[in-house]
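Take a look at the structure below.
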Amino acid sequence: MDELYNLAKNDEHGLNRYLAKCFGVMTMGLLVTAIVAYASYAFGLWRFMYMNTISFWIVVLVQLGVVIYFSVNLHKMSPAMACVCYFLYAIITGYTLGSIGVAYDVTTIGIAFGITAILFVNLIVIGLTTKKDLTKYSTLLFVGLITLLIASVIGIFVNLPMLDMIVCYAGIGLFLCLIAYDVQVLRNNYELCEDESQKTKMIIYSALELYLDFINIFLYVLRIVGKRD
């Protein structure tokens, strides 16, 4: 009995370390993005992205390409390469976010970040403590993402303030659900990892998913809070 208890306790400690590393990597990614975003805004680097249509799409496609390459080649690449892909994405995202300093003041950005952080932490706790299996809703969440994407594209071409607000609130709700879902997937992946190398890559990949959840919620909250100015 003592051996079984010690084994379970050690496994729990291992899971806690695994989760802590993942949240740590995600936090470092957000910090890198924040630093690069400030530099992009302060030195006007973000303007190069909007000089013409070609430069804009180059940045967008490179950003998308990094995520696709990371997802497709995760099991083949080394932990070091996974780390490079993650922080490269964080840097590119920071560069693109440099323009929000022009559209919103510091107070608005700070409020949006604070609200996002509170929502994020609460959903992390729910994802870690709930007994409900959220992973079975993967198809529903995927359909929600596709629907949100379609609505967002429509909103680009049709100037409807009501549609924009619906998209923002729906986006926040969807990505909050994704946080709890991703946390459960993260825990499940821990049990499937066979060695330290695989664990490290899954930590970085899971950190990217949580990072994306945070960034998307932040942008939606920023649009809502910014409407009040």
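The values are calculated or read from the model by the stated rules, or taken from the named source; none is laboratory data. Quick caveat: nothing in here was measured; it's all calculated off a predicted structure. Please note: Cβ atoms are built from the backbone with ideal geometry, for glycine as well, and neighbour counts cover all protein chains shown. These area figures cover heavy atoms from the full protein model, side chains too; ligands, DNA and RNA do not enter into them. Shrake-Rupley method; radii C 1.70, N 1.55, O 1.52, S 1.80 Å.
Of note:
- Expressed as a whole percent, the accessible surface of segment 10-74 that belongs to carbon and sulfur atoms is 72, based on a 1.4 Å probe.
- When you count the other C-beta atoms within 10 angstrom of each residue and take the mean per peptide, 94-100, 20-26 line up highest first as 94-100, 20-26.
- Approximate spin-label separation residue 156-residue 61, in nm, with each point projected 7 Å along Cα-to-Cβ: 1.4 nm
- Rounded to whole numbers, the Karplus 3J(HN,Hα) couplings from phi for segment 102-119 are 7, 7, 10, 7, 4, 4, 4, 5, x, 5, 4, 5, x, 4, 4, 4, 5, 4 Hz, using 6.51 cos²θ - 1.76 cosθ + 1.60 with θ = phi - 60°, and x at Gly and Pro.
- Segment 112-225: proportion of alpha-carbon pairs further apart than 26 angstrom, %: 25 percent
- Degrees separating the helix 196-226 axis from the principal Cα axis of the chain, which is the longest one: 40 degrees
- Computed [θ] at 222 nm, helices only, for the chain once each DSSP H run of length n ≥ 4 contributes -39500 (n - 2.57): -29000 deg cm²/dmol
- Between 0 and 90 degrees, the angle of helix 2-42 with respect to the longest Cα principal axis of the chain falls at about 20 degrees.
- Between residue 27 and residue 142, the simple spin-label model (points 7 angstrom out along Cα→Cβ) gives 3.3 nm.
- Long-range Cα-Cα pairs in segment 50-136 (distance over 22 Å), rounded percent: 55 percent
- Size of electric dipole in the chain: Cβ of Lys, Arg +1 and of Asp, Glu -1, about Cα centre, debye, nearest 20: 480 debye
- Separation of the alpha carbons by more than 19 angstrom is noted, of 21/131; 21/201; 76/199; 21/199, for 21/131.
- For mean projected area of the Cα convex hull in nm², calculated from these coordinates, the label among (1) 14.2; (2) 15.7; (3) 32.7: (1)
- Restricting the calculation to Cα atoms, every distinct pair contributes to the Kirkwood radius of segment 180-226, found to be 11.9 Å.
- If the chain linking residue 15 and residue 87 were pulled fully straight, counting 0.36 nm for each residue of separation and taking away their Cα-Cα distance, it would gain 23.5 nm.
- Each peptide in 55-61, 164-170 gets a packing score, the mean of other Cβ atoms within 10 Å over its residues, and the list from highest to lowest is 164-170, 55-61.
- Accessible area expressed per residue, the chain, with surrounding protein chains retained (probe 1.4 Å, Å²): 59 Å²
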